[in-house]
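The values are calculated or read from the model by the stated rules, or taken from the named source; none is laboratory data. In this text the structure is predicted, and so the values were computed from the model without any measurement. All Cβ positions, even for glycine, are placed from backbone atoms using ideal geometry, and neighbour counts span all protein chains on display. Accessible surface areas use protein heavy atoms only, side chains included; no ligands, DNA or RNA. Shrake-Rupley method; radii C 1.70, N 1.55, O 1.52, S 1.80 Å.
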Amino acid sequence: MATGGRGPRAMDSIAVLVGLAVVLAAAAQVACAAGGHDYGAALSKSILYFEAQRSGRLPGSQRITWRANSGLLDGKANGVDLVGGYYDAGDNVKFGLPMAFTVTMMAWSVVEYGEQMAAAGELGHAVEAVKWGTDYFIKAHPEPNVLYGEVGDGDSDHNCWQRPEDMTTSRQAYRLDPQHPGSDLAGETAAAMAAASLVFRRSNPGYANQLVQHSKQLFEFADKYRGKYDNSITVAHNFYGSYSGYGDELLWAAAWLYQATNERRYLDYLANNAEELGGTGWTVNEFGWDVKYAGVQVLAAKILLQGNNNAGGAGAHADVLRLYQQKADLFACACLGKADSSNNVRRTPGGMLYHQNWNNIQFVTSASFLLAAYSDVLAAARRAAACPSGAAQPSELMALAKAQVDYILGSNPRATSYMVGYGATFPRQPHHRGASIVSIRDNPAFVSCQDGYSNWYGRRGSNPNLLHGAVVGGPDEYDNFADERNNWQQTEATTYNNAPFMGVLARLAAGHGSRFGQSLADETAIKGDNKTSEPFPSHATEHASPIKIKQNATTSWTQRGKTYHRYAVTVTNKSGKTAHELHIGISKLYGPVWGLDKARYGYVLPTWLPSLPAGKSAEFVYVQAAPPADVWVTGYKLV
C-alpha cells in the first residue's frame, strides 16, 4: 500500500478496501493484456504456496489438501508450545531467521500493496499468511528475554527424506536468552512483529497491540544482550549463518518499530547508531534473509522523503537520513547497472540479476520488491535516484522490477516459468519432501527416512503433489536450468523467495497508474499523450567515505613473456572513530592477495587486525599480469 502520514499507514479494513476493487481490477486486466503475464493469477499462486509450508494443526480453510497436520508435539520436551509456523523450504525444520524475514516481507508486501491485493481478491489470504507466522512468534517468545529460534536441526533432517506428517527426526527446540544471545534473530523477529502490527492495526487492533508489545521486548533484548544467534544456536550455522552480523537487524527492527509506533526513540536509534551498526557505512547490491541493509536504507529514505507528514518528522536527523537515502540510491543503481562497475549486479545473458549458483532467485524477488517500493517512494516525492553515471528515474526502477518478474514468470531464454503451476512450462520436480512423496491423505502408510530416499527421492517423473506457486531457486549464470529433484541449488523453493514476490506481483497487477505513485511521465506515456514530462531531479548529495583507498604499482617484472605487477593497496581510516567489520570489495583480480582474509562478502582485514583505529592504515598487496584491480569499501561500522 502506498503510504504517508504516520510512517506507513495502518492497514485499512478489508471492507473499506473492497470499494476500490472494481477500478483496480479493470486496471489489472489492461496491464495483464499489455504485459503478457497474468500478474493477478501469479499473485494468487504466490500466496497459496505458504499453505504448503505450514507446520502444526491445519485449519478447515486449508486449500493445499495434500498436506495434513504435522509437528504437533513441537516444544513439548522444552515445556513450551511451539506448534505452528512455517517450514523454510523443502525440508521439515523451522529455522527462525528465514521465517522471521519471510513474515517481515509478507507484512511489508501487505502494508505497501494491500489495496492492490484487495483488488485481486487476495488480501484475506495474504493477511492469513502473515498471521500464521506471527501466531507462532508469540508462542516462541514466552518471556521478555527468551526467544525460541529453531525447532529441529538441519543435519538430522537432511539425512532423512520424509513427509512432515511422518517426521521421526529430532524436534529439539533451541532458544536464545541473556546467556545465549542472538541480536540478529531477535531483531528480525521484532521487525516481523512490528511490520505485521501495521497489517492488523485497523482490522484487529488488540492483536496489533500484542504484536507491538512483543516487538518492543524483543528489540530491547536484542540490543541489550548482543551477539550473533548462530554462536548460540550453533546447529543453524551451516544452514543460515549470520554472516553480516546483527547490526543490520537492529537498525531494521528500529525502523519498523518507528513505522509501527511513531515513537521518536526508534527514529533516534536508527539515526544515532547509523555509523556504529553500518547503516550508512555499507553499500550493498543484495537484499535477503542475511543482509538487510538495503531494506533499512529504503525505509530510512522513505521516512525522510515523507518526513513532513510525520508527527515529529525527520527533524534533526535529516542529515543522517540523507546518508541512508544515498545508500538506497546506490542499491538501485547497482541493480540498474548504473553504479560503479565494481558494484553493479551481474546479469545472465537473458537479463536476470545474478549473484550466486544456489537459489539465486531469492535475490531477484527481493530486489524486485525493493525496486518497486522505492520507485513509488521516489515518484511520490518527485525525486530520482542519484547514480554515479547519472540520475535514475523512478520509471527505470519499476521497469527493471517488472523485467525481473517477467523473467521469473517465463520471459526468458528457456521460456520456462520458475513459479510452479504458472505457465505452460514450469518445474515438475521441486526439491521438496512433502510434494515429492505421495500424500498421506491418499496413502497413509508410514514412510520412513530411508524409504523416502529409496522410493521417492530418486523417482523419475513429476512430483505426485503440485507445489502451487512455489518460486524455485532458478537458473545459473548462463540461464541454464535442470528440472531434477536432486538439483537442490535450482529446484528448491523457499518461503523467502515468495514473500517479497507477492508484493511486487500485487503492484504489477494494479498496472502503472499514478494512483500508486508511478511517475507522471509514465502516466503520460500510457495515455499516449505527445507531451513529455521533465524527469525528476536527483537530490542526493555526495558523501565521501571516511575510509580511503590508495593503490600503486610498486614493482614489475617479465616472466615467460608476461609482465607482472606488484600492487600495494593502503586502506586508511580518516574518520574520528574506530572502523570495525571493514569489508573490502575487489574485482578484476587475476592473482593472489596477501594481507586480507576472504569472507562471504568480499575480503576483510586479517584476524590479527580486527579493527582499524582512527587515523591508522592497513596495507595489502596482490600480483597480476594485468592493470590494477578495482578496489572499494563494501561496508564498515564506526564505533
Candidate set from the stretch 413-439 (those that are in contact with a Ser or Thr (Cβ under 9 Å, 6 or more places away or on another chain) and among the hydrophobic types (A, V, I, L, M, F, W, C)); member that is nearest to Thr169 (Cα to Cα) = Met419
inquiry  = I'd like the full set of residues that are under 15 Å from Ala68 (Cβ atoms) and either of a type in the set (Phe, Trp, Tyr) or touching a residue at least 12 places away in the same chain (Cβ under 8 Å) (or both), limited to the stretch 421-463.
reply    = Arg433, Gly434, Ala435, Ile437, Val438, Ser439, Ile440, Arg441, Asp442, Phe446, Val447
task = Say whether the condition of being without any contact (Cβ under 8 Å) to a residue 24 or more places away in the chain, more than 21 Å from Ser368 (Cα to Cα), surrounded by fewer than 24 Cβ atoms within 10 Å (Cβ to Cβ) and in the same structural domain as Tyr86 (by the TED database) is met by at least one residue in the stretch 482-505.
result = yes
task = Taking only the stretch 393-412 into account, find how many residues are within 19 Å of Asp329 (Cα to Cα) and not aliphatic (A, V, I, L, M).
result = 6
request  = Go through the residues of the stretch 559-571 one by one and say whether even a single one is crowded, with 18+ Cβ neighbours inside 10 Å and of a type in the set (Phe, Trp, Tyr).
outcome  = yes
inquiry  = If a residue counts only when it is under 29 Å from the mean Cα position of the chain (by Cα), which strands (runs of 3 or more DSSP E) contained entirely in the stretch 577-637 have at least 3 such residues?
reply    = 579-587, 597-599, 602-604
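If only one of Lys616, Lys574 is touching a Lys or Arg at 6+ places or on another chain (Cβ under 8 Å), of a type in the set (Lys, Arg), open to solvent by 20 Å² or more (accessible area, probe 1.4 Å) and not assigned by the TED database to the domain that holds His355, which one is it?
Lys574
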From the options Ala401, Ala379, residue that is part of a helix (DSSP H, G or I), of a type in the set (Gly, Ala, Ser), crowded, with 19+ Cβ neighbours inside 10 Å and within 20 Å of the chain's Cα centre (by Cα) = Ala401
ask   = Is there any pair with a first residue in the stretch 47-73 that is at negative phi and in the same structural domain as Thr495 (by the TED database) and a second that is among the β-branched types (Val, Ile, Thr) and in a strand (DSSP E or B) whose Cβ atoms are under 9 Å apart and which are 6 or more apart or on different chains, and what are they?
value = Tyr49/Val471; Ser55/Val151
key: Flag if Gly187 is within 19 Å of Leu250 (Cβ to Cβ) and either crowded, with 21+ Cβ neighbours inside 10 Å or not β-branched (Val, Ile, Thr) (or both)   = yes
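This table checks each residue for (1) open to solvent by less than 10 Å² (accessible area, probe 1.4 Å); (2) outside the structural domain of Phe95 (by the TED database); (3) in contact (Cβ under 8 Å) with a residue 24 or more places away in the chain; (4) farther than 19 Å from His141 by Cβ.
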residue	(1), (2), (3), (4)
Pro205	no, no, no, yes
Asn209	no, no, no, no
Gln213	no, no, no, no
Gln217	no, no, yes, no
His237	no, no, no, yes
Gly247	yes, no, yes, yes
Leu251	yes, no, yes, yes
Ala260	no, no, yes, no
Glu263	no, no, no, yes
inquiry  = What are the pairs with Cβ atoms under 6 angstrom where one residue, in the stretch 141-167, is at pLDDT below 95 and the other, located anywhere, is in a loop (DSSP other than H, G, I, E, B) and of a type in the set (Asp, Glu)? Sequence gap at least six, or different chains.
reply    = Asp157/Asp91
request  = Among what's in the stretch 404-420 and is part of a helix (DSSP H, G or I) and touching a residue at least 60 places away in the same chain (Cβ under 8 Å), pick the residue that is surrounded by the most Cβ atoms within 10 Å (Cβ to Cβ).
outcome  = Ile408
inquiry  = Given the criterion under 22 Å from the mean Cα position of the chain (by Cα), surrounded by 23 or more Cβ atoms within 10 Å (Cβ to Cβ) and in a strand (DSSP E or B), identify the matching residue among Tyr148, Tyr113.
reply    = Tyr148
